[in-house]
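Q: One structure is given below, represented as structure tokens, and several questions about it will come after.
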Amino acid sequence: MRSRLSTLFDALLPVLATLAALAVGAVMLLLLKVNPVEAYGALWKGAFGSTNAFAETLVKATPLLLVALGICISFRGDVINIGGEGQMIIGAIMATWIGLIFTDAPGWLVITLALLAGFLGGAIWGGIPGVLKAYFNVNEILSTVMMNAIAVQLMNFLLRGPMIDPSQAELASKIPQTARLIDEFHLARLAPTRLHLGALIAVILAVLVYILLWRTTLGYRIRAVGQNPSASRYAGIKVPRYMVLALLLSGAFAGLAGAVQVYGVNYRMITDGSASGFTGSAGFNGIVAALFGQLHPLWSIPASILFGALLVGANSMQRVVQVPSALITVLNGLVVVFVVSSEIWRVRRQRRRLAAAKEDEAPPTPDQAKVQTEEAGQ
């Protein structure tokens with residue numbers, strides 16, 4: 001019973017962490033002389049209060065889920081991918097290029113090629129740090145962050161130069177954006193809202209990633225490398241190869257998220273010069289969604305919806321109760337900090353339980369055996 005309660009507590013830790021973050025946010029709202037009940041009511045209504053609101057939540061959740069799926073793969077392989085922002089950008093650039101070049105091709109063909117190009121672009125951008133990690137022992141956190149910076153500068157160059165919208169090219173104040181994709185290249189809508197086919201694709205891919213990780217030899221080897229590289233190497237698994245593969249697949253899903261954003265939401269690439277100007281920080285928020293889902297592809301679905309709801313509902317809360325926009329950023333940051341901290345605590349609890357179990361299973365020392373024999377005789 002104690003073991004079951006402990007397991008249940010670990011499973012609920014992300015939810016408890018979110019509630020704790022919202023409690024701290026409530027205190028901050030009180031300090032601003034705002035009723036927390038009214039504020040959080042506006043947040044809930046903005047995220048789930050109508051069909052359109054729920055659709056907007058799912059639209060926000062879609063790139064988070066795609067990035068989270070890649071994070072599930074890389075973290076299970078014990079390689080940390082912080083490069084989702086850059087991988088989204090590269091995937092979006094390649095997908096947009098397909099749509100701008102092949103304007104006379106059938107829509108279904110261009111969309112298919114664009115999504116594949118986005119997948120490939122993200123894979124390349126994630127595979128580079130993977131090779132550096134596996135064969136040159138370069139820290140993947142540093143390399144993926146640096147790749148983010150390179151991707152941003154490449155995007156700024158292309159959107160202000162070779163890929164700029166021709167209508168903006170001759171203007172003095174040029175908007176860094178590409179031309180708009182033609183209507184035939186837009187992802188189909190699933191309802192009379194902004195909800196598009198990308199959401200369904202993301203859910204299907206979540207199921208496929210679960211099958212990959214837990215029902216295939218490839219997934220088993222990725223997880224084995226993540227659990228114990230030395231034992232995996234002894235068992236004949238080529239550890240560097242699967243490190244590269246984990247980061248490559250992680251980048252691929254982030255790249256696909258960028259392509260889906262272009263073809264399902266924006267219909268062009270546009271930025272304010274920063275990564276978040278295009279990605280909306282989905283490359284980072286997707287990490288938290290994956291951690292909230294305890295690095296499980298299927299649990300990442302509700303986790304992504306939750307964080308999509310926070311992003312959409314927070315904007316509604318700002319409009320209704322007139323709180324500063326900085327508070328919305330702080331609230332989202334609190335959720336991130338609490339959820340990540342809860343994951344660290346959960347891992348430490350598991351290690352302590354394993355250590356305690358090993359101590360219980362250890363054979364008694366000679367002195368302990370002698371005492372046990374005497375007690376048995378009495």
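Readers should treat all values here as calculations from the given coordinates under stated rules, not as data from a laboratory. For clarity, every value in this text was computed on a predicted model and none was experimentally measured. Neighbour counts run over all protein chains shown; Cβ positions are idealised from the backbone, glycine included.
Q: Among L171, L154, L181, rank each residue by its count of other Cβ atoms within 10 Å, from fewest to most, as a rough exposure measure. If you can, show how the numbers build up before the last one.
A: Numbers: L171 10, L154 14, L181 24.
By the 10 Å Cβ count, ascending: L171, L154, L181.
Q: If you don't mind, there's one more thing I want to ask. Expressed in nm to one decimal, what extension gain is obtained for the pair S325 and E38 from 0.36 nm per residue of sequence separation less their Cα-Cα distance? If you can, show how the numbers build up before the last one.
A: Numbers: separation 287, 0.36 × 287 = 103.32 nm, distance 1.68 nm.
Working it through step by step, the gained length comes to 101.6 nm.
Q: With unit charges on the beta carbon (Lys/Arg positive, Asp/Glu negative), name the residue among G41, L116, A134 whose Cα is farthest towards the positive pole of the charge dipole of the chain.
A: A134
Q: Okay, moving on. What percentage of all Cα-Cα pairs in the range 16-159 are separated by more than 25 Å? List each step's numbers first, then the result.
A: On the way: 5232 of 10296 pairs.
The share of Cα pairs beyond 25 Å in the range 16-159 comes to 51 percent.
Q: With +1 on the Cβ of every Lys and Arg and -1 on the Cβ of every Asp and Glu, and nothing else charged, how large is the dipole of the chain about its Cα centre, in debye rounded to the nearest 20? All intermediate terms of the calculation are to be shown ahead of the outcome.
A: Numbers: 28 positive and 19 negative charges, 74 e Å.
Charge dipole of the chain: 360 debye, to the nearest 20.
Q: Still on this structure: Could you work out the Kirkwood radius for the range 160-277, taking every pair of different alpha carbons, averaging 1/r and inverting it, reported in Å? Don't jump to the answer; show the numbers that get you there.
A: Details: mean 1/r = 0.0570 Å⁻¹.
Kirkwood radius, the range 160-277: 17.6 Å.
Q: Related question: Using a 10 angstrom cutoff on alpha carbons, build the Gaussian network for the chain and name the most mobile of S173, S230, S281.
A: S173
Q: Filter the chain for me: DSSP H helices, axial length by Cα at least 27 angstrom, mean Kyte-Doolittle hydropathy not below 1.0. List them by residue number.
A: On the way: long enough: 2-31 (41 Å, 1.62); 51-76 (36 Å, 1.21); 107-136 (43 Å, 1.51); 140-160 (30 Å, 1.18); 239-261 (34 Å, 1.41); 300-321 (30 Å, 1.22); 325-361 (55 Å, 0.20).
Helices passing the filter in the chain: 2-31, 51-76, 107-136, 140-160, 239-261, 300-321.
Q: Pop a pseudo-label 7 angstrom from the Cα along the beta-carbon direction at both L171 and D272 and give the gap in nm to one decimal.
A: Here the answer is 1.7 nm between the modelled labels.
Q: May I pose another question? For Q177, which sequence-distant residues (separation of 5 or more, or a different chain) have an amide H within less than 5 Å of its own amide H, given hydrogens modelled in the peptide plane?
A: Correct list: D165.
Q: Distance in nm between label sites at F48 and A235, each 7 Å beyond Cα in the beta-carbon direction?
A: With each label point 7 Å from Cα toward Cβ, the separation is 4.0 nm.
Q: Projected onto the charge dipole of the chain (+1 at Lys/Arg Cβ, -1 at Asp/Glu Cβ, origin at the Cα centre), which of L159, V207, S274 gives the Cα projection farthest towards the positive end?
A: Ranked along the dipole, the leading option is V207.
Q: Could you point to the residue in A257, I175, I222 farthest towards the positive end of the range 147-264's charge dipole, with +1 and -1 charges on the Cβ of Lys/Arg and Asp/Glu respectively?
A: I222
Q: Ok, one more. Gaussian network model of the chain, Cα springs within a sub-10 Å range: biggest mean-square fluctuation belongs to which of A206, A105, A117?
A: Sorting by GNM fluctuation, first place goes to A105.
Q: So, in nm, how far is label R189 from label N139 when the simple model puts each one 7 Å beyond its Cα toward the Cβ?
A: Taking the simple label geometry, R189 and N139 are separated by 4.8 nm.
Q: Under a GNM of the chain (C-alpha, springs under 10 Å), which listed residue has the highest mean-square fluctuation: I90, I237, I80?
A: With Cα springs under 10 Å in the chain, the top fluctuation among I90, I237, I80 is at I237.
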